[in-house]
Structures are given as C-alpha cells and as structure tokens.
Amino acid sequence: MGFEQFGRLSFTSQTKTSAFVDYLEQGDLYATRCSPCGLTFFPPRTDCYSCLGSEMEWIKISPRGKLISFTRSYFAPTGFEEDVPYVLAVAEFNGTKVFGRFKEGFTEKDLSRGMEVTVEPITFNDGRISYEFKPAS
C-alpha cells in the first residue's frame, strides 16, 4: 500500500518512509532511528537533522506508553471537518513521543496525564489507514 492511503486525507503519494504504512497494515507502529547518532524520529524521517546522516533503521514502537498531554479539538484541518470534536494527544512509548488522536468515544474527562495507553492501527471505512490511542486495559 502506498503512503496515499495514510490518514483521512493525504497530499503525498510517494515518500521515502512509505514502509510506515506497510507496518501499520501489519498491525504495528514504527519510528526511524539514525544509525550514526541514535536519535529516534516519529513521525519517521529519512534524514537526521542532528548529524545530517541518512542511514536510518526502522524500530517498532512499544504498544504501551504513558499519556503526556491531551486536548479536545473543535476545529479541524481539511479532510477532518466531519470528525470534530475529537481528542488529540501526545504519549511516550519507551522514550519516543507520538502525536495522534484518541479513540472515538473518549473525552478529556476520561483521561489523565501519566495514565497508561496503547496505540493501535485502525482502518477507516474507505480502506485508509491510521492509528489511535486508547486507555490500556
């Protein structure tokens, strides 16, 4: 599957990180790590801003993490207008910070900083793929 199938709306059909979507299809969330200097990137990158290296390796993100921050969004960018309101969150998974949406049906009243969360790939009705957070069980 190409990168054009990621998210609700994609303006990019080709990218050097399109394997990200392939991993999501397999049920996993991946980041990239710069082999020379060890920095980890999410969303995945193919070039390191620190050492300017381009030797990246794919690393699997742990499915369990801790919620760092969250907010409720009442306005949305193009392609997401019908989804509002929804909760946006940042969670940390073994040192890697991941930004994303929280599973539909959860509000900020259900969440607290530091709570354990999981991240899981989702497939929309139209076949497009993304990921979302939910409380760990």
Tally of residues being small (Gly, Ala, Ser), under 25 Å from TYR30 (Cα atoms) and outside any loop (DSSP other than H, G, I, E, B) across region 63-94: 4
Members of region 104-125 that are surrounded by 12 or more Cβ atoms within 10 Å (Cβ to Cβ) and either modelled with pLDDT of 95 or more or part of a strand (DSSP E or B) (or both): LEU111, MET115, GLU116, VAL117, THR118, VAL119, GLU120, PRO121, ILE122, THR123
Identity of the residue in region 63-88, out of contact with any Asp or Glu (no Cβ under 9 Å at 6 or more places or on another chain) and hydrophobic (A, V, I, L, M, F, W, C), that ends up nearest to GLY114 (Cα to Cα): LEU88
Residue within region 38-47 that is in contact (Cβ under 8 Å) with a residue 12 or more places away in the chain, exposed (fewer than 15 other Cβ atoms within 10 Å of the Cβ) and under 22 Å from ALA19 (Cα atoms) present: yes
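The values are calculated or read from the model by the stated rules, or taken from the named source; none is laboratory data. Owing to the predicted nature of the structure, the values given are computational and were not obtained by experimental measurement. All Cβ positions, even for glycine, are placed from backbone atoms using ideal geometry, and neighbour counts span all protein chains on display.
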